[in-house]
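Structure record follows, encoded as structure tokens.
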Amino acid sequence: MKNLLRNLSLTTRLSIAFSVICCIVFFGIGLLSFHNMQHLFAKQRDQNLIARVERIEIFLQDQKSFQILVQHPRLYENMLGKEDNLLILKNQQQALIEINPLKVHIPDMDESKNITFLNNQSEFATTRLAYKTVFFNQQYYQLIAGTQLDEAQSTLDQYLWKLILYSVLGIVMASLLGRWMGLYLLKSLNNLIEQTHKIQGTQPHQRIEAKSNTVEVEQLRSAMNAMLEKIQINYDQLARFSEDIAHELR
């Protein structure tokens, strides 16, 4: 791996590093977004169940409305729709209202004065349930409302695939832009390399003239020119010393 990276140009290395960073950032944002969407769906689903339970509680506060609801449960079943249609009202003896066309398994529930949530089964749950124990007409009733999880899960799956698609497209676009920016930013460095190649030993006074707007490249150019200046001084001293030696030998 190190040998492979050693053979790559600086532009390629920067592009790879930028692509890796984009992968981490995009997928991190995608996971956070998906987690937040799951939380919002779950919160909205529970709020809908709370509203449904409270709506039935309003019927229970009036004896006539309660009788109508018990005698004509299909009125409320039509209001619930075809898939989110689960409503059970029962006392200690029997179920007075049982709207459960999908035959969802209802687990045992303890008495609860507050609205409590649970899934119909611990593993591979299909329905989200909300229940509450209410006191009406001198006896306790258990009110259970439920909604299917399939619709929300299908929407979440579609959202997840869109997140993955958009993340991949974003990574590709960011990588291409990173490659282009790397070439643009390293253009002055490549010019410096070309100027360095043009320097010949037969021209000791030649210097790197091409200036750069990049601070680091300009500092490198100044350092290389200073090095060439020192080499020239040492070369001139060596030339004078050689001339003196030749003169003495003659």
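The values are calculated or read from the model by the stated rules, or taken from the named source; none is laboratory data. Being a predicted model, the structure only gives us computed values, none of them experimental. Backbone-built Cβ (ideal geometry, glycine too); neighbour counts: all protein chains shown. Areas reflect the complete protein model, heavy atoms only, side chains present, ligands, DNA and RNA absent. Shrake-Rupley method; radii C 1.70, N 1.55, O 1.52, S 1.80 Å.
Looking at ASN91, LEU143, SER175, which one has the Cα that reaches farthest to the positive end of the dipole of segment 86-181 (charges on Cβ: Lys, Arg +1; Asp, Glu -1)?
Going by the charge dipole, the pick is SER175.
Distances longer than 33 Å among the Cα atoms of the chain: what percent of all pairs is that?
In whole percent, the long-distance tail amounts to 57.
Magnitude of the Cβ-charge dipole of the chain, K/R +1 and D/E -1, about the Cα centre, nearest 20 debye?
Values: 25 positive and 24 negative charges, 89 e Å.
That gives a dipole near 420 debye.
Using heavy-atom solvent-accessible surface (probe 1.4 Å) with all chains present, what is the largest-first order of TYR184, TYR140? Walk me through the numbers on the way to the answer.
Numbers: TYR184 145, TYR140 110 Å².
So the residues, ranked largest to smallest area, are TYR184, TYR140.
Given a 10 angstrom Cα cut-off, can you work out which residue in SER33, SER167, SER222 is the most mobile in a GNM of the chain?
Most flexible of the set in this elastic network: SER222.
Please work out how much length the chain gains when fully extended from GLU57 to LEU40, using 0.36 nm per residue of separation minus the C-alpha to C-alpha distance, in nm with one decimal.
That pair, GLU57 and LEU40, stretches by 3.6 nm at full extension.
With the other protein chains left in place, how much accessible area per residue, in square angstrom, belongs to the chain at a 1.4 angstrom probe?
Value for the chain: 71 Å² per residue.
Give the carbon-plus-sulfur fraction of the accessible surface of the chain in %, rounded to a whole number; probe 1.4 Å, heavy atoms of protein chains only.
Of all accessible area on the chain, carbon and sulfur atoms account for 58 percent.
Tell me, what is the percent relative contact order of segment 104-230, built from C-alpha pairs under 8 Å that lie six or more residues apart?
12
Based on Cβ point charges of +1 for Lys and Arg and -1 for Asp and Glu, what charge dipole magnitude is obtained for segment 137-250 about its Cα centre, in debye rounded to the nearest 20? Walk me through the intermediate numbers first.
Numbers: 10 positive and 12 negative charges, 54 e Å.
For this selection, approximately 260 debye.
State to the nearest 20 debye the size of the charge dipole of segment 3-55 about its Cα centre, where the only charges are +1 on K and R beta carbons and -1 on D and E beta carbons.
Numbers: 6 positive and 2 negative charges, 11 e Å.
Computed charge dipole of segment 3-55: roughly 60 debye.
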